[in-house]
1. Can you tell me which of 131, 176, 23 moves the most in a GNM of the chain? Springs connect C-alpha atoms under 10 Å apart.
2. State to the nearest 20 debye the size of the charge dipole of the chain about its Cα centre, where the only charges are +1 on K and R beta carbons and -1 on D and E beta carbons.
3. Using a/c under 1.5 as the rounded threshold, could you call the stretch 88-195 rounded, prolate or oblate? The axes a ≥ b ≥ c are square roots of the C-alpha gyration tensor eigenvalues, and prolate needs a/b larger than b/c, oblate otherwise.
4. Of 158/202; 30/177; 112/158; 158/199, which pairs sit farther than 18 Å apart, going by alpha carbon to alpha carbon?
5. Counting only C-alpha contacts under 8 Å and six or more residues apart, can you give the relative contact order of the chain as a whole percent?
6. Which value in Å is the Kirkwood Rh of the chain over different Cα pairs?
7. How much length would be gained if the chain were fully extended between residue 89 and residue 209, taking 0.36 nm per residue of separation minus their Cα-Cα distance, in nm to one decimal?
8. Where in the chain are the helices, taken as whole DSSP H runs, whose Cα atoms extend 20 angstrom or more along the long axis and whose Kyte-Doolittle mean reaches at least 0.0?
Amino acid sequence: MEKDLFQSLREHLIAEIVAEAVLTASYTGKVVFGNAVLEVLGRIPRHEFVPVELQPYAYLNRPLPIGFDKTVSQPFIVALMTDMLALRSDDVVLEIGAGAGYQAAVIAELAKRVYTVDIIEELAKATERRLTRLGYTNVEVRVGNGYYGWPEHGPYDKIIVTAACELIPPPLIAQLKPGGRMVVPTGIPEKQVLTLLEKSEKGQLSTRDTLPVRFSELEEPGAIAGAA
């Protein structure tokens, strides 16, 4: 019965995401998201990625706190950022800001492999355990300052950043393959926007700003992560 309840809540959530896509199309240029993205969001158990006391609210279309002044992102934003990546089944993806692992789980359903980084050791370790328990064998979690990416496994087909920065970190641009895409919130705290960066096959960069957003800020160079 619990499973049926969560399934009906997920279906309602997908309907909300579909409606919000229409309402924000003037910003994003997307009236609808890809079926594969919506199907994944419609089956992933978001209640597994929030504290137990918040599980009844897991399928509201809103961010929810996960501790350490961090949140699991609003499902619509997760859907939008995932759709903007234009994932392929053979993509290797870098995520900056593992959080509770919800975004990584979504990407893991659509790509070959996900490498995700978080500067907060407790979050990263809990996320690693959670993703393992849920059966995600194609996600690797690391404790570190996401500003520097994860060069050992690069370059990446796609990069997604779930923390905002005024300027896109050069190490992340360097770790993006030619022909690749990066989705990242940019701007000052009071005026952030979701930005799509594309790198041509010749290495030329182009950016396009889309939806106004509000994310916590990416740690700048010099921030110290917990020991891995």
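1. 23
2. Numbers: 23 positive and 29 negative charges, 80 e Å.
With only Lys, Arg, Asp and Glu charged at Cβ, the dipole is about 380 debye.
3. On the way: a/c = 1.72, a/b = 1.26, b/c = 1.37.
Because a/c hits 1.5 or more and a/b fails to exceed b/c, the stretch 88-195 counts as oblate.
4. Details: 158/202 16 Å; 30/177 25 Å; 112/158 11 Å; 158/199 10 Å.
In this structure, 30/177 exceed 18 Å between Cα atoms.
5. Details: 460 pairs, mean separation 34.4, N = 228.
Computed over the chain, the figure is 15 percent.
6. 17.6 Å
7. Numbers: separation 120, 0.36 × 120 = 43.20 nm, distance 2.59 nm.
Length gained between residue 89 and residue 209: 40.6 nm.
8. Details: long enough: 2-23 (32 Å, 0.34).
Span-like helices in the chain: 2-23.
Computed from the coordinates by the stated procedures, all read-outs in this text should not be read as laboratory data. As the structure is a computational prediction, the values presented were derived from the model and not from experiment. Using ideal geometry, Cβ is built from the backbone for each residue, glycine included, and neighbour counts are taken over all protein chains shown.
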